[in-house]
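Asks: Have a look at this one.
The values are calculated or read from the model by the stated rules, or taken from the named source; none is laboratory data. Bear in mind the structure is a predicted one, so any value in this text is a computation, not a measurement. Cβ placement follows ideal geometry from the backbone for every residue including glycine, while neighbour counts extend to all protein chains displayed. Heads up: the accessible areas ignore ligands, DNA and RNA and are worked out on the full protein's heavy atoms, side chains in. Shrake-Rupley method; radii C 1.70, N 1.55, O 1.52, S 1.80 Å.
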Amino acid sequence: MDPSLSPVSIHYAIKKETWRHTVVLSFQSLGVVYGRLSTTPLYAFGSIDPCHIKSGQQIYELFSFVFWTLTIIPLLKYAFIVFKADDNGEGGTFALYSLLCRRANVGLLPSDTSATEFMHQEEGTPSNVKVESRARRAIGRYKSSHYLLLLLALLGSCLIICDGIFTPALSVYSATSNLRRSLSKLAPRFTSSENARQSVDKYLKRFIPVPVACAILVCLFMLQRYGTNRIGVFFAPIVIVWLLFISGFGLYNIIHHPQILWAISPTYMFRFIKKIDITSLKLLSNIVLCIAGSEAMFADLGHFSKRSIKVTFIFLVYPALVLCYAGQAAFFSKHLGTSDDVAHLSESVTHRHLQHVFTILSLFASLVGSQATITASFSIINQCQALACFPRVKVIHTSDKVRGQVYVPDANWMLMILSLSILIGFQDISAIANATGLAIICGMLVTTCLMSLILALQWEKNGVSLSVLFLLFFGSIEALYLSSCFLNFTKGAWCIVVLSLIFMTIMVSWHYGTIKKYEFDVENRVTVDWLTDLSPGLGVSRVPGIGFIHTNIVTGIPSFFSHFITNLPAFHQVLILLSFKSLPMAYIPKNERYLIGRIGHKEYKIYRCIVRYGYRDHVRDVNDFEDQIISSIGEFVTREERHDESLIVQEGRMIILGTNGNALVPIVGGESCQQVTDIENQNPTHTKRKKVRFVLPESSPKMNSSVRKELQELVDARESGTAYFLGNSHLKVRKGSNLLKQFLVMAYDFLDRNCRETPIGLDIPHAALLEVGMVYTI
């Protein structure tokens with residue numbers, strides 16, 4: 001078993017959420033999670049060409065689809081079913097994949113298999129041990145199912161990122177189009193000439209929708225650096241006013257046209273399906289936009305809480321949207337054919353002055369509407385990177401209270417550039433809506449497939465039956481919408497397929513290269529005996545100080561360090577082999593994060609430290625990381641003799657430790673100025689850090705002399721300085737390899753050379769860094 005994932009109890013203690021906290025999070029979630037769902041009325045009906053509507057009765061049938069789709073997908077599927085499959089409060093495609101990794105032994109990461117065994121052992125008390133189900137055996141037995149599940153998880157992640165590209169363009173462009181229509185209606189007040197009005201309308205179409213939308217998008221993405229908490233507080237009042245406004249005039253239209261309430265009956269849907277043809281089927285690709293943002297509800301779960309998101313949707317967002325769509329459909333059906341813009345939401349606001357208020361409000365609401373998918377994209381990229389499925393990017397945690405709130409600068413600017421490119425390239429709301437609809441429904445289908453597998457594994461007796469029912473019920477509805485979206489493939493939907501393939505290529509190649517590097521390291525590692533017994537024959541000398549050797553393997557000595565010793569026969573008085581191991585779970589508690597062990601005899605002073613982290617943890621970018629490691633090793637030395645707290649592994653005894661040891665006493669001195677690399681512009685900068693020194697505690701009868709001597713040697717080595725050894729390896733494909741392997745290795749090598757370097761992620765001072773270059777031929 002991988003020692004980094006030993007059968008030791010790991011539980012993340014989640015404090016009980018109070019109703020006061022729920023209300024605060026519900027308020028903030030309106031500005032982040034529900035901005036997307038709240039602004040769907042801007043383009044759900046608005047992207048429909050009125051020429052494709054045969055009669056007012058067909059609008060009633062479409063509203064029936066809207067009502068039942070809103071009820072079945074976001075309310076029933078997500079709020080009441082999928083939310084129960086959270087991973088310690090985290091949601092999204094990778095949260096579902098994480099659950100499958102632990103329950104069905106389907107992980108492909110180097111530590112996934114042991115992680116699954118560890119979780120089973122943790123849960124394997126006599127009261128809940130169960131015979132392994134046939135579903136678990138079937139999924140875990142076949143390697144092809146492991147690859148399929150990983151590809152599904154990556155596909156879902158790619159679609160959420162694509163949604164984060166298209167949604168800002170769609171929502172903002174819809175609002176600026178409303179602004180253009182509102183300004184066109186003001187033209188007759190200033191001129192009575194028909195030619196002049198046509199000329200003004202022509203210039204408005206050219207200079208208002210796209211340029212203004214681009215300016216708003218740039219401002220939106222520049223705001224992301226302030227974090228989810230601040231953005232949520234700022235955006236939440238806008239969403240509340242927006243929901244009250246659109247539900248208010250929706251109710252007004254319902255009062256004037258109460259017949260629309262009959263369309264709630266599902267018989268209208270069946271009537272539509274009974275006489276369906278290609279033209280009417282295409283209309284459903286527009287209707288699916290009414291649930292845009294449902295997947296973001298689940299993906300943004302880690303930014304808030306399950307209860308706050310559910311309460312907000314059930315008691316505010318859902319009823320407001322139903323009233324708005326009912327009123328819009330009632331107005332649309334009664335005024336069909338009167339105007340080319342009758343399908344747009346702004347037209348159903350009958351009061352002239354309120355139309356201008358609506359235009360201004362829709363601009364702000366569209367800004368908020370893009371936030372949910374942008375935030376979800378940050379969360380997904382953070383999860384993918386933690387599980388070795390995305391190139392190295394800088395992740396900034398914007399809140400100390402809610403650990404899931406992250407900002408990814410590299411991804412932010414990438415999303416902005418692609419969103420602007422989509423807007424400028426298409427300049428057509430229907431084409432952007434077609435692409436967005438395909439991304440939405442494909443992402444939901446992925447969630448349905450993964451959730452059905454979790455249901456099969458969760459309930460041993462009736463799990464398979466529940467899984468099949470879940471898949472058939474929700475899958476058939478989503479398959480209907482998917483078929484309608486593919487009919488618009490040549491009208492914009494193709495762009496989603498292209499972008500998804502690009503992101504999938506990036507993720508698959510990075511994952512493939514990471515796995516191959518790990519396998520090469522394992523196959524070419526050297527034993528500890530080589531370093532301790534054979535190295536004296538090579539004339540190796542020990543120099544004062546501490547050497548941190550960063551390696552992916554958790555047993556043996558990495559090949560790059562043996563390569564270094566062979567060419568430069570010297571290493572430090574104290575060696576610490578440092579490994580980072582991700583677990584397919586959200587968080588690892590601080591008091592159970594480090595696994596410390598000794599390599600060889602005590603006189604060698606060689607230690608191994610395995611840092612375990614979840615896909616939501618941020619352990620690599622803390623300034624006092626080195627101090628925590630030294631403190632943990634000191635704690636290990638004092639507790640080493642306690643057999644009841646240790647774990648016997650191949651190289652010796654290892655102990656689970658946290659960051660609060662008291663074996664060494666830290667003393668904060670002055671400030672040291674170190675040259676590190678700036679996060680944003682990659683330029684070397686001088687950063688001031690608190691200088692921490694360690695001293696031994698006062699003499700204690702519990703501490704024997706040998707332990708005290710070893711701790712003093714550790715303190716002296718720290719005072720002499722530290723150095724970091726990193727293997728800077730590159731992959732090279734063997735001659736005669738197949739084309740697919742050559743392509744994946746070339747793609748990984750390109751990404752590895754052009755993404756952020758590892759020292760930046762570890763915040764290592766450049767003066768203390770030593771990189772050893774190697775070429776791996778696979």
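Asks: Can you work out ³J(HN,Hα) from phi for every residue in the range 442-458, in order, using Karplus 6.51 cos²θ - 1.76 cosθ + 1.60 and θ = phi - 60°, giving whole Hz and x for Gly and Pro?
Replies: Taking θ as phi minus 60°, the curve returns 5, x, 5, 5, 4, 4, 4, 5, 5, 5, 5, 5, 5, 4, 5, 8, 6 Hz for the range 442-458.
Asks: Taking a 26 Å limit on the Cα-Cα distance, which of the listed pairs K517/K590; K143/K394; K54/K185; K394/K517 fall beyond it?
Replies: Details: K517/K590 29 Å; K143/K394 33 Å; K54/K185 28 Å; K394/K517 22 Å.
Beyond 26 Å between Cα atoms: K517/K590; K143/K394; K54/K185.
Asks: So, with +1 on the Cβ of K and R and -1 on the Cβ of D and E, and no other charges, what is the size of the charge dipole of the range 162-262 about its Cα centre, to the nearest 20 debye?
Replies: I would put it at about 320 debye.
Asks: Rounded, prolate or oblate: which one fits the range 251-293, using the alpha carbon gyration tensor with axes a ≥ b ≥ c (rounded when a/c is under 1.5, else prolate when a/b beats b/c, else oblate)?
Replies: Numbers: a/c = 2.47, a/b = 1.42, b/c = 1.74.
It comes out oblate by the Cα gyration axes.
Asks: When ranked by the protection proxy of mean other Cβ atoms within 10 Å per residue, highest first, what sequence do the peptides 36-43, 303-310, 173-180, 480-487 form? If you can, show how the numbers build up before the last one.
Replies: Details: 36-43: 28.1, 303-310: 22.4, 173-180: 24.5, 480-487: 19.1.
Highest mean packing first, the order is 36-43, 173-180, 303-310, 480-487.
Asks: Considering only L281, I240, S265, whose Cα is most displaced toward the positive end of the charge dipole of the range 221-301, charges sitting on Cβ of Lys, Arg (+1) and Asp, Glu (-1)?
Replies: Of L281, I240, S265, it is L281.
Asks: Shifting gears a bit: Which of the residue pairs K274/K334; K202/K282; K275/K306; K84/K334; K516/K602 have a Cα-Cα distance greater than 32 Å in the structure shown? Before the final figure, lay out the partial values.
Replies: Details: K274/K334 24 Å; K202/K282 30 Å; K275/K306 41 Å; K84/K334 42 Å; K516/K602 34 Å.
Where the Cα-Cα span goes over 32 Å, the pairs concerned are K275/K306; K84/K334; K516/K602.
Asks: Turning to a different aspect of this structure: Can you list the residues, at least 5 places off or on another chain, whose amide H is less than 5 Å from the amide H of H730, using H built in the peptide plane?
Replies: M774, V775, Y776
Asks: Assign one of three labels to the range 191-274, namely rounded, prolate or oblate, based on the Cα gyration tensor with a ≥ b ≥ c the square roots of its eigenvalues; rounded applies when a/c is under 1.5, prolate when it is not and a/b is larger than b/c, and oblate otherwise. Don't skip to the answer; put the middle values down first.
Replies: Numbers: a/c = 2.19, a/b = 1.19, b/c = 1.85.
Here the range 191-274 falls in the oblate category.
Asks: Given H placed on each backbone N at 1.01 Å, which residues far from G614 in sequence or on other chains put an amide H within less than 5 Å of it?
Replies: L583, I588
Asks: Please list the non-local residues whose amide H lies under 5 Å from the amide H of I599, H modeled 1.01 Å from N, same-chain partners needing a gap of 5 or more.
Replies: The list, which skips near neighbours in sequence, is I606, Y607, R608.
Asks: Protein chains only, probe 1.4 Å: how do R141, R20 rank by accessible area, largest first? Can you show the working numbers first?
Replies: On the way: R141 150, R20 200 Å².
Accessible-area ranking of R141, R20, largest first: R20, R141.
Asks: Something else about it: Please give, to one decimal in nm, the separation of the simple spin-label points placed at D716 and I667, each 7 Å out from Cα toward the Cβ.
Replies: Placing both labels 7 Å along Cα→Cβ, they lie 1.7 nm apart.
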